[in-house]
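The values are calculated or read from the model by the stated rules, or taken from the named source; none is laboratory data. Bear in mind the structure is a predicted one, so any value in this text is a computation, not a measurement. Every residue, glycine among them, receives a Cβ derived from its backbone with ideal geometry; neighbour counts consider all protein chains shown. Areas reflect the complete protein model, heavy atoms only, side chains present, ligands, DNA and RNA absent. Shrake-Rupley method; radii C 1.70, N 1.55, O 1.52, S 1.80 Å.
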Protein chains: 2
Amino acid sequence: MSLKASELAMVPFVSVDNMMRLVHHIGMEQFMADLAHEIEVDFARWELFDKTPRVGSHSDVGVIELMPTSDGTLYGFKYVNGHPKNTKEGLQTVTAFGVLSEVDTGYPILFSEMTVLTALRTAAMSAVATRHLANPDAKVMAMIGNGAQSEFQCIAQKAVNGVDTIRLYDIDPAATEKCAKNLDAAGLTLIPCATPEDAIEGAGIITTATADKDMQTILTDNMVGSGVHINAIGGDCPGKTELHRDIVARSAVFTEYTPQTRIEGEIQQMAPDHPVTELWEVITGAAQGRTNGAAITLFDGVGFAIEDFSALRYVHEKIKDTPFYIDFDLIADPDDPRDLFGMVKRAG
Amino acid sequence: MSLKASELAMVPFVSVDNMMRLVHHIGMEQFMADLAHEIEVDFARWELFDKTPRVGSHSDVGVIELMPTSDGTLYGFKYVNGHPKNTKEGLQTVTAFGVLSEVDTGYPILFSEMTVLTALRTAAMSAVATRHLANPDAKVMAMIGNGAQSEFQCIAQKAVNGVDTIRLYDIDPAATEKCAKNLDAAGLTLIPCATPEDAIEGAGIITTATADKDMQTILTDNMVGSGVHINAIGGDCPGKTELHRDIVARSAVFTEYTPQTRIEGEIQQMAPDHPVTELWEVITGAAQGRTNGAAITLFDGVGFAIEDFSALRYVHEKIKDTPFYIDFDLIADPDDPRDLFGMVKRAG
């Protein structure tokens with residue numbers, strides 16, 4: 001399975017600009033549908049993966065994390081930062097990049113921006129959870145929090161689950177306006193709402209993607225009716241939640257990788273043994289998802305390394321025979337591998 | 001300290017080719033001397049650093065590791081693989097790259113190849129240890145193991161410690177021949193030797209850099225005389241050592257980061273509480289290095305994240321106003337940081 005050294009010396013690099021070109025080349029809805037498929041493929045072989053908790057470096061103002069995983073054939077990791085105060089400085093709260101490597105040689109085979117790609121895979125992940133947990137006739141979604149993630153969430157739900165109507169709410173009306181404008185040609189019916197109560201009216205799917213680093217109660221218990229599926233994706237670090245604990249208590253809770261979710265997700269509000277089901281178990285049929293039409297299902301999404309792995313694997317496959325990457329000599333390739341010095345010397 | 005978004009959207013990338021150009025631009029001896037200085041600067045403020053054990057992903061044929069660290073202002077990590085069987089396939093046993101980021105924003109500020117850079121910093125590290133531990137009149141070094149690391153070790157010892165004579169030995173005479181040929185214009189007196197006993201004759205410094213993944217005894221106890229300083233840098237993973245334990249027992253042992261060295265270094269052969277001194281303590285004066293001229297000092301080098309951090313910091317500084325990098329749009333930079341989707345949409 002190893003390639004020749006001369007081929008492996010060059011690593012394809014996908015910049016932000018090329019990632020955007022690739023998305024438009026494939027079509028964003030198709031890209032989302034494909035990503036959802038790749039995530040399902042990897043979740044279905046969950047037990048194969050080497051699962052490590054993310055490795056964080058914390059400061060007063062944010063965190064830088066490395067998220068590695070491997071399926072035994074390929075190895076991937078993502079670098080991602082989280083700096084809520086960045087927005088005020090005109091910077092991204094979250095930026096990311098990732099690398100895919102060959103386990104057999106340890107050689108990298110893809111280096112890619114992942115700020116855009118993470119937004120896409122996060123949306124695809126919510127759509128996968130929704131496909132397996134929501135009532136099948138749910139075509140109206142309340143989108144609570146209309147920031148950087150929101151439009152991607154809406155497009156993915158349309159592409160994967162046929163959602164046709166979005167009820168938008170944000171504490172900042174300008175965010176809702178931006179979201180609606182961005183989605184004006186997306187083929188969705190968009191309904192800006194003045195209150196969260198209004199937004200969830202008649203919605204079979206509720207997705208919350210709010211960003212403040214505090215214990216929030218975006219939704220309170222009496223707001224959430226029976227039969228609803230909730231994707232809570234904004235609460236993704238210790239001390240940051242979005243839902244009142246009574247909603248969590250009433251819901252059937254589904255996680256990605258539970259040891260991480262207990263620290264970062266909505267269930268950090270609950271007892272350490274609060275019952276949850278991992279989504280891969282639902283996908284493989286090992287566990288039941290929704291038990292009846294009236295149940296409330298909650299996908300407590302925090303983002304996990306395997307989703308990034310799926311996304312990198314997909315991009316690696318899709319850039320072949322396209323102009324959407326540059327080759328970069330990241331690997332030293334001396335004629336004789338024991339003669340690294342000779343290579344450096346001869347370059348002089 | 002934050003830069004403007006437009007500046008931060010682009011990250012400088014240093015390829016293998018550009019790293020080699022930078023080395024020749026600065027001069028390899030100067031580069032080594034500078035790296036040794038930067039390592040000393042960082043070791044002198046050791047307690048500031050966030051020190052995490054490396055995060056490894058192991059397979060039957062090798063390991064892929066991430067080595068992060070931070071001084072509170074900058075964050076760096078290195079990706080490095082170790083695949084001993086790669087050499088037979090015409091590939092590098094070790095390849096590496098690294099990233100330096102700003103802690104305040106989480107934004108990367110440098111992406112660099114580190115296969116060449118790791119060889120340079122490993123040699124600079126040995127030279128730093130030698131400067132602080134060897135007898136000051138030691139100008140003859142035995143270089144045991146004449147593979148990919150050997151020439152770098154010799155150049156660093158000349159640049160930092162004024163070593164003028166190298167006694168070369170390798171189990172494979174072709175490796176010795178290659179090493180001697182590579183160093184023919186380095187200004188060193190080179191003495192190829194037929195046996196390890198011959199190589200260490202009259203050497204005040206012994207550096208071992210052998211690569212087999214087994215418990216080796218390159219040096220046995222009766223070979224090593226009083227007053228010698230040993231750099232044992234080839235034993236750097238569990239099950240891989242180079243020295244007979246009796247030599248270790250007779251030596252004053254110095255480490256980089258002891259929790260890691262106890263797993264990976266020569267001292268994995270010793271009791272878990274075998275006394276050692278961390279090199280940063282010698283550099284700051286908090287602990288004594290060599291106690292007398294007859295002592296045997298042993299630098300049990302395995303490589304630590306702070307050395308990579310020093311090297312990345314140095315390269316980041318040195319590439320300024322040079323042509324030895326390319327700018328790469330790794331960071332998504334929307335006009336409005338909450339409008340990532342709008343940026344993607346407008347790229348269509």
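Here A:Asp335 fulfils each of the conditions (1) crowded, with 19+ Cβ neighbours inside 10 Å; (2) within 14 Å of another protein chain (Cβ to nearest Cβ) apart from (1). Residue count for the range A:221-259, restricted to those that are modelled with pLDDT of 90 or more, among the polar types (S, T, N, Q) and surrounded by fewer than 24 Cβ atoms within 10 Å (Cβ to Cβ): 3. Scanning the range B:12-42 for residues that are closer than 29 Å to B:Ala332 by Cα and more than 9 Å from chain A (Cβ to nearest Cβ) gives B:Pro12, B:Val14, B:Leu22.
Would you please name the residue that is nearest to the other protein chains (Cβ to nearest Cβ), looking only at residues in the range A:92-124 that are closer than 20 Å to A:Ile319 by Cβ and part of a helix (DSSP H, G or I)? So the residue we want is A:Thr115. Here A:Gly72 passes the criteria (1) more than 9 Å from every other protein chain (Cβ to nearest Cβ); (2) open to solvent by 40 Å² or more (accessible area, probe 1.4 Å); (3) more than 27 Å from A:Gly147 (Cβ to Cβ) except the one numbered (1). For the range A:136-150, a residue qualifies if it is surrounded by fewer than 24 Cβ atoms within 10 Å (Cβ to Cβ) and touching a strand residue (DSSP E or B) at 6+ places or on another chain (Cβ under 7 Å), and the qualifying residues are A:Ala138, A:Lys139, A:Val140. Checking the stated criteria, A:Ile144 turns out not to satisfy the condition of being closer than 30 Å to B:Pro84 by Cβ, touching a residue at least 24 places away in the same chain (Cβ under 8 Å) and more than 9 Å from chain B (Cβ to nearest Cβ). Per the conditions (1) within 14 Å of chain B (Cβ to nearest Cβ); (2) part of a loop (DSSP other than H, G, I, E, B); (3) aliphatic (A, V, I, L, M), the sole criterion not satisfied by A:Val344 is (2). Could you check, for the range A:115-123, whether at least one of its residues is touching a strand residue (DSSP E or B) at 6+ places or on another chain (Cβ under 7 Å) and more than 30 Å from A:Val224 (Cβ to Cβ)? For the range A:115-123, residues touching a strand residue (DSSP E or B) at 6+ places or on another chain (Cβ under 7 Å) and more than 30 Å from A:Val224 (Cβ to Cβ): present.
For the range A:291-327, a tally of residues being open to solvent by 40 Å² or more (accessible area, probe 1.4 Å) and either touching a Cys at 6+ places or on another chain (Cβ under 9 Å) or part of a loop (DSSP other than H, G, I, E, B) (or both) returns 8. Selection within the range B:115-169: residues that are closer than 20 Å to B:Ile218 by Cα and charged (D, E, K, R). The member of this set that is farthest from the chain's Cα centre (by Cα) is B:Arg167.
When each of B:Val99, B:Val128 is tested for being open to solvent by less than 10 Å² (accessible area, probe 1.4 Å) and touching a strand residue (DSSP E or B) at 6+ places or on another chain (Cβ under 7 Å), the lone residue that passes is B:Val99.
Here's the yes/no breakdown for (1) more than 9 Å from chain B (Cβ to nearest Cβ); (2) surrounded by fewer than 18 Cβ atoms within 10 Å (Cβ to Cβ); (3) not aliphatic (A, V, I, L, M):
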| position | (1), (2), (3) |
| --- | --- |
| A:Ala44 | yes, yes, no |
| A:Leu66 | no, no, no |
| A:Lys78 | yes, no, yes |
| A:Pro84 | yes, yes, yes |
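Among the residues of the range B:53-64, which ones are at the interface with chain A (Cβ under 7 Å from one of its Cβ atoms) and open to solvent by less than 30 Å² (accessible area, probe 1.4 Å)? B:Val55, B:Ser57, B:Gly62, B:Ile64, listed by residue number.
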